[in-house]
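Student: This is the structure, below, for whatever I ask next.
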Amino acid sequence: MIVKEEFLSKLRRYFALNLYEVKIWTALLSRGVSTAGELSDIANVPRSRSYDVLESLEKKGFVIMKVGKPIKYYAVHPTEVVERVKKNMRKESDDRIERLESLKESDIVQELNTLHTQGVELVEPTDLSGSLRGRHNLYNHMELTVRNAEESVIIMTTPQGLMRKVEGFKETFQKLKKRGVKIRIATQLTKECADAVKDLKDVAEVRNSPTKGRFIVVDGKEVIFMVLDDKEVHPTYDVGIWVNTPFFASALEELFNLAWKGMKVTIPTGK
């Protein structure tokens, strides 16, 4: 049996299997029913491992074992396997989330918080900075920084960035609004982002900016700024810089305040 390595790699990624598991599974699919020894020879997997691999596949719902001599294995239909894998992944995900939720009020988290607080006290202000690569990481850190705001959040972004922030941060913005945090957003208002502007009307003030930029300032202390145009970079290669420095952040906030006064409150008409 010849199965391309590229195909095996895809199976490993999608079904969370190791190399021996995908080899045995595809070998069994090609036979329908077979013994561990036969599958070992077909898949080029050590015979001493084939039984363990088949037992693992059985537990995951990929194969069914027929009791007898010799023991034989049936391949479950791939469509059914997909459904079983989905069900198992949902259960594992729910279990992990439940365990993490239970940690919030536990001694473990309290001890971790104590360690972090003690550690931060020893860190020089100049060390509280970092480079963020990939838009997923960028937005995770943005959400963390914005969520902890106490007084103000100012955002300069692109129309596309505004729509992403509405999708990812709207709930956070709503919570900040209830806490009295002032949120101001400057962007180039276009028909493309009209719906996003409307979604934010109750939680943030949005104004039209004649210039392009991508940065966030929180409480005049922390800054996250993106160094690339989001129209010209793939999300995987997006890059941002996070700096915790009141001196630079307050200066940038003052410049934003000066520009804010001249920005129009024009709401674009939807398509």
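Student: Report, ordered by chain and residue number, the aspartates and glutamates lying within cross-link reach of residue 198, taken as a straight Cα distance under 14 Å and ignoring same-chain residues fewer than 8 apart.
Tutor: 167
Student: Let me ask another. If you take the charge dipole of the chain about its Cα centre, with +1 on Lys and Arg Cβ and -1 on Asp and Glu Cβ, which of 106, 189, 139 is farthest toward its positive end?
Tutor: 189
Student: Which ³J(HN,Hα) values, rounded to whole Hz and listed in residue order, are derived for region 244-256 from phi using the Karplus coefficients 6.51, -1.76 and 1.60 in 6.51 cos²θ - 1.76 cosθ + 1.60 with θ = phi - 60°, glycine and proline given as x?
Tutor: 9, 8, x, 4, 6, 5, 5, 5, 5, 5, 5, 5, 5
Student: If I build a Gaussian network model for the chain, linking alpha-carbon pairs within less than 10 angstrom, which residue out of 65, 163, 142 has the largest mean-square fluctuation?
Tutor: It is 65.
Student: Which entries of 177/264; 10/69; 91/182; 104/165; 86/231 show an alpha-carbon separation above 30 angstrom in the structure shown?
Tutor: Numbers: 177/264 22 Å; 10/69 34 Å; 91/182 40 Å; 104/165 26 Å; 86/231 35 Å.
Long pairs (Cα-Cα over 30 Å): 10/69; 91/182; 86/231.
Student: Right, next: Shape call for region 5-83 from the C-alpha gyration tensor, a ≥ b ≥ c root eigenvalues: rounded (a/c under 1.5), prolate (a/b greater than b/c) or oblate? All intermediate terms of the calculation are to be shown ahead of the outcome.
Tutor: Numbers: a/c = 1.77, a/b = 1.27, b/c = 1.40.
Note, shape of region 5-83 comes out oblate.
Student: Further, regarding this structure: What is the dipole size for region 5-83, taken about its Cα centre, with +1 at each Lys and Arg Cβ and -1 at each Asp and Glu Cβ, in debye to the nearest 20? The partial results should precede the final answer.
Tutor: On the way: 12 positive and 10 negative charges, 29 e Å.
The calculation lands at about 140 debye.
Student: Please give every one of the aspartates and glutamates within straight-line cross-link reach of residue 23, meaning a C-alpha to C-alpha distance under 16 Å, and leave out same-chain neighbours fewer than 8 residues apart.
Tutor: Cα-Cα hits under 16 Å: 5, 6, 38, 41, 52, 55, 58.
Student: Please state the shape class of region 123-244: rounded when a/c is under 1.5, otherwise prolate if a/b exceeds b/c and oblate if not, all from the C-alpha gyration tensor. Provide the component values of the computation, followed by the final result.
Tutor: On the way: a/c = 1.79, a/b = 1.14, b/c = 1.57.
Because a/c hits 1.5 or more and a/b fails to exceed b/c, region 123-244 counts as oblate.
Student: Taking loop as defined by DSSP and a crowding limit of 13 other beta carbons within 10 Å, which trypsin sites (Lys or Arg not before Pro) in region 1-86 fit? Please list the in-between numbers first.
Tutor: Working: sites: 4, 10, 12, 13, 23, 31, 47, 49, 59, 60, 66, 72, 84, 86; in loops: 4.
The qualifying sites are 4.
Student: From the backbone phi of region 153-166, what are the Karplus-calculated ³J(HN,Hα) couplings (6.51 cos²θ - 1.76 cosθ + 1.60, θ = phi - 60°) in whole Hz, Gly and Pro given as x?
Tutor: Computed from phi, the couplings for region 153-166 are 9, 10, 9, 10, 8, 8, x, 5, x, 4, 5, 5, 5, 5 Hz.
Student: Calculate for the chain the 222 nm mean residue ellipticity that helices alone would give, adding -39,500 (n - 2.57) per DSSP H run of length 4 or more and normalising by residue count, nearest 500 deg cm²/dmol.
Tutor: On the way: 10 runs with 143 residues, N = 271.
Taken over the chain, the calculation gives -17000 deg cm²/dmol.
Student: What range in the chain is the longest one free of GluC sites (Glu not before Pro) that are in a loop by DSSP and have at most 13 other Cβ atoms within 10 angstrom? Intermediate values should be presented prior to the final figure.
Tutor: Details: sites that count: 105, 150, 151, 232.
Here the longest run is 1-104.
Every read-out reported here was derived from the displayed coordinates using simple, explicitly stated rules and does not represent laboratory data. Since the structure is predicted, the reported quantities are computational estimates derived from the model, not experimental observations. Note that we place each Cβ from the backbone using ideal geometry, even for glycine, and neighbour counts take in every protein chain shown.
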